[in-house]
Amino acid sequence: MLARDIMTTNVVTLSPDTPIREIARTFRRLGITGAPVVEGGQVIGIVTEIDLIARHARPNYPVYLPLLDAKIPLGGQREYRALVRRIVGTTAREIMTVPVKTVDANASLEEVATLMVESRANPVPVMSAGKLVGIIGHTDLIQHLEEAQELPAVAGEDEGVGGEVAG
């Protein structure tokens, strides 16, 4: 089974200038966890629920090494500027994650799952010949596993969660 077999083809996309309030409203109304940011037909970023939530989390300020009368930053200033941009950002462009983790439409489900786990990417845009053709989220993979009955049967499955196992 390939990414193209389980992807959602009706992809909700955002423009770089989409306001954060509209993004949050769209995610909630449509029950989605993220959307690619598209400009000029190209995927330039992705906004996820985590990007929205991260704006309100306690920031990790850069660490400085005091040396004589100077303070030398140990982290890069680029990362610090990106952090500040996300906190005060008001549009998709300002809070989006870049670079975007994508998969090819012909990627195996193992490749998709590995990317999601190793990169903590959810959802993942699906590309074909450089064009956005779909999107895959955790729910898509879980639904496929359920439908394909790849999950091992559990004793007491019909009893619901917490059912007793005969032994």
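Each value in this text was obtained by applying a stated rule to the coordinates, not by laboratory testing. None of these values were measured; they are calculated from a predicted model.
Per-residue extension of 0.36 nm, minus the Cα-Cα distance of Val88 and Glu39, leaves a gain of 15.5 nm for this segment. Potential lengthening of the chain between Thr13 and Glu49 amounts to 11.5 nm, from the contour at 0.36 nm per residue minus the alpha-carbon distance.
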